[in-house]
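See below for the structure under consideration.
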Amino acid sequence: MESRVKLLGHPVHPMLIVFPLGLLATAVIFDILYLIFGNRLLPTASYYMIAAGVLGGLLAAIFGFIDWLALPNGSRAKSIGLWHGLGNVLIVGLFIVSWFLRGNNVDFIPDGFAMLLSFAGVALALVTAWIGGELVYRLGVGVDPGANVNAPNSISEQSATSTHTKRTADR
């Protein structure tokens, strides 16, 4: 099942998820470094990374939702996609609350509960990322039906399906 929304031949949703994942994970790393070294600049950096990560997550969710709507009803992919999406909404919610708790402090120094929420968000992100991998690598969601190791460039006029069919016929 191919993705419904593409940019230059590639699905948009997987292109966008790297930003919130990276930003939110780095915010947690900076929080851990703050706990270890006490550098007061690190929580401020985390605060702004969380804000950018949440915005990026919401943007990626729009495209993920569009792709999810296109999955066949009653399929395993539709069910797993629902868990993937709901888990990611929960992650964004955990980080939003953590961000608001941090914003109440002039120096953006988080309390333990704000950090706990972001740590839980990253832990859950590992699970939902695995579920996303299950959708792509096991169920073929978002994959060109003719994908193969010799498929033409995705921005070429030639489809991967036609080259795969031709190569199979030539054997």
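The values are calculated or read from the model by the stated rules, or taken from the named source; none is laboratory data. Just so it is clear, the structure is predicted and the values come from calculations on it, not from any experiment. All Cβ positions, glycine included, derive from the backbone under ideal geometry; neighbour counts span all protein chains shown.
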Residue 108, sole failed condition from (1) on the phi < 0 side of the Ramachandran plot; (2) touching a Pro at 6+ places or on another chain (Cβ under 9 Å): (1)
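One line per residue, one yes/no per condition, for (1) among the aliphatic types (A, V, I, L, M); (2) modelled with pLDDT of 95 or more; (3) touching a His at 6+ places or on another chain (Cβ under 8 Å):
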site	(1), (2), (3)
58	yes, yes, no
72	no, yes, no
78	no, yes, no
112	no, no, no
So is residue 32 closer than 15 Å to residue 13 by Cβ, of a type in the set (A, V, I, L, M) and out of contact with any Ser or Thr (no Cβ under 8 Å at 6 or more places or on another chain) or not? no
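Of everything in the stretch 136-152 that's within 24 Å of the chain's Cα centre (by Cα) and assigned to a loop (DSSP other than H, G, I, E, B), which residue is surrounded by the fewest Cβ atoms within 10 Å (Cβ to Cβ)?
To start, the set of residues in the stretch 136-152 that are within 24 Å of the chain's Cα centre (by Cα) comprises 136-145, 147.
Filter once more, so that each one left must be assigned to a loop (DSSP other than H, G, I, E, B): 139-145, 147.
On the way: 139: 17, 140: 14, 141: 25, 142: 21, 143: 16, 144: 20, 145: 11, 147: 13.
It comes out as 145.
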A careful count of residues in the stretch 5-48 that are outside any helix (DSSP H, G or I) and in contact with a Leu (Cβ under 8 Å, 6 or more places away or on another chain) gives 1
Scan of the stretch 89-121 for residues that are β-branched (Val, Ile, Thr) and not in a helix (DSSP H, G or I), ordered by number: 106, 109
Tell me, yes or no, whether the stretch 90-103 has at least one residue that is basic (Lys, Arg), touching a residue at least 24 places away in the same chain (Cβ under 8 Å) and touching a Pro at 6+ places or on another chain (Cβ under 6 Å). yes
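Just to be sure before I move on: is residue 71 in a helix (DSSP H, G or I) and either free of Cβ contacts under 8 Å to residues at least 60 places away in the same chain or of a type outside the set (D, E, K, R) (or both) in the structure I sent? Break it down into steps so the answer makes sense when it comes.
On the way: in a helix (DSSP H, G or I): no; either free of Cβ contacts under 8 Å to residues at least 60 places away in the same chain or of a type outside the set (D, E, K, R) (or both): yes.
No; evaluated as a whole, the condition is false for this residue.
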Which numbered condition residue 38 misses (of (1) at positive phi; (2) surrounded by 15 or more Cβ atoms within 10 Å (Cβ to Cβ)): (2)
